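The values are calculated or read from the model by the stated rules, or taken from the named source; none is laboratory data. On a predicted model such as this, the values are computed, not experimentally measured, just so you know. Counting neighbours? That spans all protein chains shown, and the Cβs are built from the backbone with ideal geometry, glycine included.
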Amino acid sequence: MISINDLVHARPYPEFFGSVEVDPLREADALQEAQLLDSRVCHLTSTAALLFELRTSLQFEVGNSALLVVRGLRSFDWKSPTKQVPLAALTVVSSVADRSGGSLRARFEFFPEAHLAVAGDLAEFYVLEAEGIGDVPPDYSSVDLKKVQGALPSWSSVCSLLQASILH
């Protein structure tokens, strides 16, 4: 068992885990209907990490969460509307990763309207089973932020690593 945050810093070797059934590093829209929960950028290590909710995903049969780590970070471009919206998950409507010009780029479109583009030297994708969050995503309309957060994977969640993929 390892925390999700430890995975960001540990750099485990994906070849020791099951390969991913659906690989968002190689297949467009593999993360469709997954939800972006949080992102982190560490300038010291040139790393970006994206934490996803998989219980809503159309493609993944196993795992309740996922982590995408981009190393050798070159850019992190987030765009969202300036208006305040009610508490809601950011649902992936489109995702694509590709390698061009020596750099890996991943682009995401979300509902409600938001866009993310991240580029770096390599990416790691992990399918995880976070402990203690239940089988069903939280009801965001409850307005109780602590209750919603308690039913979601977080950086400190202890998890089992189920599948992994890497793209150099």
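Data table
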{"quantity": "Residue that is farthest from the chain's Cα centre (by Cα) [pool: residues in the stretch 19-36 that are part of a strand (DSSP E or B) and surrounded by 19 or more Cβ atoms within 10 Å (Cβ to Cβ)]", "calculated": "GLN35"}
{"quantity": "Selected residue (criterion: nearest to ALA34 (Cα to Cα)) from residues of the stretch 86-108 that are aliphatic (A, V, I, L, M) and surrounded by fewer than 18 Cβ atoms within 10 Å (Cβ to Cβ)", "calculated": "VAL93"}
{"quantity": "LEU31 being within 12 Å of SER154 (Cα to Cα), in contact with a strand residue (DSSP E or B) (Cβ under 8 Å, 6 or more places away or on another chain) and touching a residue at least 40 places away in the same chain (Cβ under 8 Å)", "calculated": "no"}
{"quantity": "Among the candidates THR56, THR91, residue that is hydroxyl-bearing (Ser, Thr, Tyr), closer than 22 Å to GLU21 by Cα, part of a loop (DSSP other than H, G, I, E, B) and in contact with a Pro (Cβ under 9 Å, 6 or more places away or on another chain)", "calculated": "THR56"}
{"quantity": "The stretch 125-152, subset part of a loop (DSSP other than H, G, I, E, B) and within 11 Å of GLY63 (Cα to Cα), residue modelled with the lowest pLDDT", "calculated": "ASP135"}
{"quantity": "Enumeration of residues in the stretch 42-65 that are under 16 Å from ARG107 (Cα atoms) and aliphatic (A, V, I, L, M)", "calculated": "ALA48, ALA49, LEU50, LEU51"}
{"quantity": "Residue in the stretch 76-85 that is touching a residue at least 60 places away in the same chain (Cβ under 8 Å), surrounded by 13 or more Cβ atoms within 10 Å (Cβ to Cβ) and within 23 Å of VAL127 (Cβ to Cβ) present", "calculated": "no"}
{"quantity": "Matching residues, the stretch 94-103, being at pLDDT below 95 and either part of a strand (DSSP E or B) or at negative phi (or both)", "calculated": "ASP98, ARG99, SER100, SER103"}
